[in-house]
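The values are calculated or read from the model by the stated rules, or taken from the named source; none is laboratory data. Computed from a prediction, not measured in an experiment: that's the story for all the values here. Note that each Cβ is placed from the backbone with ideal geometry, even for glycine, and that neighbours are counted across all protein chains shown. Accessible surface is based on the protein model in full, side chains and every heavy atom, while ligands, DNA and RNA are left aside. Shrake-Rupley method; radii C 1.70, N 1.55, O 1.52, S 1.80 Å.
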Amino acid sequence: MEMNVSKNDEQVVAKKAGGLNPAVIIPILLVIGICIYLFVLGSPGNFKDADKLGSGSVAFSSVEGKDIHPESFLGIIYKGGVIVPILITFMITVIVFSFERYFILSKAAGKGNLDNFVVKVRSLLNQNRVDEALEECDRQEGSVGNVVKEGLTTYKALSNDTTLNKEQKMVALNKAIEEATTLEMPMLEKNMMILSTLGTVATLIALLGTVIGMIKAFFALGSGGGTPDAAALSTGISEALINTALGIGTSAIAIMLYNFFTSKIDGLTYKIDEIAMSIQQSFAEFN
């Protein structure tokens, strides 16, 4: 019976290798995040007296971004400091890997309505029409169909096996389904850890930016002696709040998307378990 599962190993391993490679994608997204910070948020057009700053980026202008005042919301975000490009990278990463998970899970759900597929396969199994159930799996072309197909293939092989008793056959059938499910799960769960991690880390990095901003604010408060530098004080506070807002926003989106995709994976797993139970019941009844 293990022959059936191992026969599909290469196909399943190929599936697990699919999707985006974080080791390649994340450095690219970091570069994109830095470019957005420097050339989009740091565009002279987002600041007052833009004609004095020249073209390109505020970071490379003669004033070095020190004595300029933002004129738009993008300019305000730019004034959040060096932590901002990291938080922008986090946000882009969440968006990119969310789209990747969406397409992968949509493909894993297969063609047609999954609930109808489950009902039809269970109905065919109740009538011991295994070959027709296998045809339904071929048409479904999803993770549920792959697992069910493996289970049904093992079902047919065990039906013709005279060397095992019924209890041994049931154990072998259950093992085949579990192995097929185990081989499908890595593809479904790949890169989910990235969303989960960013849901936590984004808040911590934002907190770092907040602390840096508050340090600057209190430094401005103390360095002026009896007359604090109000401009430097407000700049430090705004930097702290900008980082807080970006971090909280990124973290909230990452957590919501992680929970959404987790529920989709749980739904697929439930469908697999539902049909697996039907396969076992049908085998026990007709063999």
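How far apart, in nm, are two points set 7 Å out from the Cα along the Cα-to-Cβ line at residue 34 and at residue 171?
With each label placed 7 Å out from Cα toward Cβ, I get 5.9 nm.
Report relative contact order for the chain in percent, whole number only (criteria: Cα-Cα under 8 Å, sequence separation at least 6).
24
Comparing 274, 178, 167, which has the greatest mean-square fluctuation in the GNM of the chain with Cα pairs linked when under 10 Å apart?
Of 274, 178, 167, the most mobile in the Gaussian network model is 167.
In degrees, nearest 10, range 0 to 90: what is the angle between the Cα axis of helix 166-189 and the longest Cα principal axis of the chain?
Roughly 20 degrees between the two axes.
What list of ³J(HN,Hα) couplings, whole Hz, do you get for the range 270-280 from phi and the Karplus terms 6.51, -1.76, 1.60, once you set θ to phi - 60° and write x for glycine and proline?
Along the range 270-280, the couplings run 5, 5, 4, 4, 5, 6, 4, 5, 5, 4, 5 Hz.
May I ask you to give the solvent-accessible area per residue for the chain, in square angstrom, as obtained with a 1.4 angstrom probe?
Working: 15160 Å² over 287 residues.
Computed with neighbouring chains in place, this is 53 Å² per residue.
Report the normalised scattering of the chain as log10 I(q)/I(0) at q = 0.07, 0.12, 0.15 Å⁻¹, calculated by the Debye formula with identical scatterers on the alpha carbons.
Each listed q maps to, in turn, -0.45, -0.80, -1.05.
Can you tell me how much longer the chain between residue 285 and residue 230 gets when fully stretched, taken as 0.36 nm per residue apart minus their C-alpha distance, in nm with one decimal?
Stretched fully, the residue 285-residue 230 segment lengthens by 11.6 nm.
Return the FRET efficiency for the residue pair residue 24, residue 207: r is the Cβ-Cβ distance, R0 is 25 Å, and the value is rounded to the nearest 0.05.
It comes to 0.30.
For the range 75-87, take each phi angle, set θ = phi - 60°, evaluate the Karplus expression 6.51 cos²θ - 1.76 cosθ + 1.60, and give the result in whole Hz per residue in order, putting x for glycine and proline.
Once rounded to whole Hz, the list reads x, 4, 5, 4, 6, x, x, 5, 6, 4, x, 5, 5.
So which residue, out of 243, 21, 160, gets the largest mean-square fluctuation from a GNM of the chain using Cα contacts under 10 Å as springs?
160
Would you mind getting me the FRET efficiency between residue 49 and residue 241? Use the beta-carbon distance for r and R0 = 25 Å, nearest 0.05.
0.55
For the range 83-176, what is the largest minus smallest coordinate of the Cα atoms on each principal axis, given in angstrom and ordered from greatest to least?
67, 27, 15
Would you mind checking the tilt of helix 143-159 against the longest principal axis of the Cα atoms of the chain, expressed as 0 to 90 degrees and rounded to 10?
In the chain, helix 143-159 runs at an angle near 20 degrees to the longest axis.
Which far-off residues, 5 or more places away or on another chain, put their amide H under 5 Å from the one on residue 47, with H placed in the peptide plane?
Correct list: 71.
Quick check: at a probe of 1.4 Å, how many percent of the accessible area of the chain sits on carbon and sulfur atoms? The partial results should precede the final answer.
On the way: 9640 of 15160 Å².
The nonpolar share, carbon plus sulfur, comes to 64 percent.
Could you check the simple spin-label distance between residue 197 and residue 215, using points 7 Å along Cα→Cβ, in nm with one decimal?
For residue 197 paired with residue 215, the spin-label model returns 2.5 nm.
Using amide H atoms built 1.01 Å from N in the peptide plane, name the residues 5+ places from residue 142, or on other chains, whose amide H lies under 5 Å from its own.
111
Which whole-Hz ³J(HN,Hα) couplings does the range 118-132 yield from phi under the Karplus relation 6.51 cos²θ - 1.76 cosθ + 1.60, θ = phi - 60°, glycine and proline marked x?
Karplus-based 3J(HN,Hα) across the range 118-132 equals 4, 4, 5, 5, 4, 5, 5, 5, 5, 9, 6, 9, 5, 4, 5 Hz.
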